[in-house]
Amino acid sequence: MSAAGGLISLLVGTVLLRLVVTGTYGRYVRVGMGPWLAVAGVAVIALGLVTLVRSAGPQGGAPVDREGTGESQGGGPVDPEGSGEGSAVLEGGVPAGAQVDGADGDGHHGDSRMGWLLLAPIAALLLVAPPTLGSFGVDRGTQVNIRAGGAVLPPLHPGPRPIAMTLLEYGQRAFDHDGASFNGAAVQLTGFVAGTEPGGFRLARYQIACCAADAAPVVLRVVGARSVPARDQWVRITGNFQPGGGEIPLLAASNVVEIRAPEDPYE
Amino acid sequence: MFMRTDGYIPVRSSSREVNEATPVESRRMQAERRDRREQPRHRRAARPVDAGIALVALVVVAAAALRPLLDHLLDRPAVAHWATVFVAITVQAMPFLVLGVVISAAVAAFVPAGFLPRALPRRPALAVPLAAAAGAALPGCECGSVPIAGRLIARGALPAAALAFLLSAPAINPVVLTATAVAFPGRPAVVVARLLASLLTSTVVGLVWARTGRDELLERAYRHRGAEGPPLAVLLSTAQHDLLQAGGFLIVGAATAATLQTVVPRGIIDAVAGAGPLALLALAGLAVVMAICSEADAFVAASLTQFSLTARLGFMVVGPMVDVKLVALQAGTFGRRFALRFAPLTLVVALVCSALVGRWLL
């Protein structure tokens, strides 16, 4: 399936590159990985193109195209155990080139069949483009321990405009001397609604280190909002720190704006 | 858990035949088998090359036609969560997989056959620790080191040494150690403990494999000895082959990890939070199930503050060496029966080493 294999590579590379160009990759991995994804995409596209061209060319299906076809002499692995019932593979495989060839013919076929599975994530990305992680995982995963490290932060300087910050920083400030560092400043937070609470709702945003598989949410409680947005709705909230939240920091909202999911949905 | 990978891997009759062959079997019988195996190859060669392309096109068209059905599928939060994690693991792994595949193909193309066995020490007692230490030179995560180790074995490197390299590279390279230092600020002991425990685990597993392991279980690695021809042609065909093969198994692993992350509530793990052997076991299990990149696991470990440092060390030692994605990749590169023995061995050794080093340093 050398030609089909080339086509699969071409698809994989194209989809990777498309993820980078459209910025959609931010839903799945941390934004810093963009250049690496682009490099990988270009490399895989090149590989697929060359494979396609070679398989279509006059020497298509030539020995070099078939893995293991010509390998015969020398350099074969030597079984350090020497004997044992299993040395048959080596006995058969190493000296006789054709033996490797035959076994490989089938093996090659079977292994390449695994390559078809690469079409699964491609189909998922092209057809439905899985969304950013939502509230489903908030209650299931381990939440970020905001207290960890016991960060001590410099005090804010209240100004005419609210100060934008991450949910993690908000939480750390909340636990740092009971929120003394807020200094009364208004803050602006962006996250999604992770469910309702008495008197308000929960605001959450995931931290990721590498990809969405290692995401852990930071959760706050928002009170004072006039209405509660739908679950999983992204919001930008302006408000002030309110003490007395216990283990989950409190935010007294003065303004809640519903927004689209940001390009970089994770912190 | 490891059995989960079972159903995905096609068992081919030909490989079974080879395995059952005994050393005393005559050359004639082997030759007959060879002939039998040759036949289907000719039949395949006669098939038009374009059939594969047509199939790919068919899959794409069918998927596009089914799109309206799929749109509503993602309305279910659990399905959307699964799909996102599945795609995330796959996308995240691609750059590392490409790096590993390219290095592996370069070894196949430019390292002459017979060079590795001559150049490397033959005694396991020397070769294994050296190979484990050499893992520090490969930046990246575990997806990249699997094809490289497979190629080293195919090129005649001592399997025990290549396996030690396979285990240590994703755990002790500078990128991962730096990430660990960043995740545990002000706690250099964690970085040192991770380095030591991972090196120790890789070396011990390598030496155990050298003594008791059966290298014939690495059938797949040996079978893909690589094509012959001009180096560039070998480079390309090997890279293409390895990418599809390893990529396919990566998909199996990513799907398994996404399923486990979606289905198994992590609250179960929190129930045994604290110190002691149970916590260590729980976090090792979490590492196996989550299958996160070794460059990221330190941050997750740092967030698991309800567990002892030793348990979190276990999480960081086990994760880069044994997880569902990795076991699938190993099964695809070395062979299924190998992976089913190697993963439990590694897990046990990693747990013991983490407990010892954690007790000593943390």
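Output the number of the condition that B:GLY229 fails; it satisfies all remaining conditions of (1) buried (at least 22 other Cβ atoms within 10 Å of the Cβ); (2) facing chain A (nearest Cβ under 9 Å).
For B:GLY229, the exception is condition (1).
I need the full set of residues from segment A:21-31 which are in a helix (DSSP H, G or I) and surrounded by 20 or more Cβ atoms within 10 Å (Cβ to Cβ), in order please. Lay out the reasoning, then the answer.
Going through segment A:21-31, the residues in a helix (DSSP H, G or I) turn out to be A:21-22, A:24-27, A:31.
Selection gives A:TYR25, A:GLY26, A:ARG27.
Exactly one of (1) more than 30 Å from A:ARG27 (Cα to Cα); (2) within 8 Å of chain A (Cβ to nearest Cβ); (3) surrounded by fewer than 20 Cβ atoms within 10 Å (Cβ to Cβ) is unmet by B:PRO124. Its number?
So B:PRO124 meets the others, but not (3).
For A:THR190, state whether it is surrounded by 17 or more Cβ atoms within 10 Å (Cβ to Cβ), of a type in the set (Val, Ile, Thr), out of contact with any Gly (no Cβ under 9 Å at 6 or more places or on another chain) and away from every other protein chain (no Cβ under 14 Å).
Taking the combined requirement at face value, the residue satisfies it.
I'd like to know if segment B:235-250 contains one or more residues that are within 16 Å of B:THR333 (Cα to Cα), small (Gly, Ala, Ser), more than 7 Å from chain A (Cβ to nearest Cβ) and within 19 Å of the chain's Cα centre (by Cα).
Within segment B:235-250, one or more residues are within 16 Å of B:THR333 (Cα to Cα), small (Gly, Ala, Ser), more than 7 Å from chain A (Cβ to nearest Cβ) and within 19 Å of the chain's Cα centre (by Cα).
Checking the conditions here, which among A:LEU189, A:LEU203 is over 24 Å from B:TRP82 (Cα atoms), in contact (Cβ under 8 Å) with a residue 24 or more places away in the chain and assigned to a strand (DSSP E or B)?
Of A:LEU189, A:LEU203, the one residue that is over 24 Å from B:TRP82 (Cα atoms), in contact (Cβ under 8 Å) with a residue 24 or more places away in the chain and assigned to a strand (DSSP E or B) is A:LEU189.
What do you reckon, is A:PRO262 in contact with a Leu (Cβ under 9 Å, 6 or more places away or on another chain), at pLDDT below 90 and surrounded by fewer than 16 Cβ atoms within 10 Å (Cβ to Cβ)? Break it down into steps so the answer makes sense when it comes.
Details: in contact with a Leu (Cβ under 9 Å, 6 or more places away or on another chain): no; at pLDDT below 90: yes; surrounded by fewer than 16 Cβ atoms within 10 Å (Cβ to Cβ): yes.
Spelling it out, it is not the case that A:PRO262 is in contact with a Leu (Cβ under 9 Å, 6 or more places away or on another chain), at pLDDT below 90 and surrounded by fewer than 16 Cβ atoms within 10 Å (Cβ to Cβ).
In segment B:272-362, which helices (runs of 4 or more DSSP H) lie fully inside it and hold 1 or more residues that are free of Cβ contacts under 8 Å to residues at least 12 places away in the same chain and closer than 19 Å to B:LEU166 by Cβ? Let's see the steps before the verdict.
Numbers: elements: B:277-290, B:297-303, B:309-318, B:324-334, B:336-361.
The helices (runs of 4 or more DSSP H) meeting that bar are B:336-361.
Can you tell me how many residues in segment A:206-232 are surrounded by 18 or more Cβ atoms within 10 Å (Cβ to Cβ) and within 14 Å of chain B (Cβ to nearest Cβ)?
Count: 15.
Mind listing whichever residues of segment B:288-307 are of a type in the set (A, V, I, L, M) and within 11 Å of chain A (Cβ to nearest Cβ)?
Those that are of a type in the set (A, V, I, L, M) and within 11 Å of chain A (Cβ to nearest Cβ): B:VAL289, B:MET290, B:ALA291, B:ILE292, B:ALA296, B:ALA298, B:VAL300, B:ALA301, B:ALA302, B:LEU304.
If you go through segment B:87-101 one residue at a time, how many are within 7 Å of chain A (Cβ to nearest Cβ) and not small (Gly, Ala, Ser)? Before the answer, list the steps.
Within segment B:87-101, the first condition is being within 7 Å of chain A (Cβ to nearest Cβ), and the residues that meet it are B:87-92, B:94-95, B:98.
Remaining after also requiring not small (Gly, Ala, Ser): B:87, B:89-92, B:94-95, B:98.
Looking only at that region, the number is 8.
The values are calculated or read from the model by the stated rules, or taken from the named source; none is laboratory data. Given the structure is predicted, the values throughout are model-derived calculations rather than measurements. Positions of Cβ are backbone-derived with ideal geometry, glycine not excepted, and every protein chain shown enters the neighbour counts.
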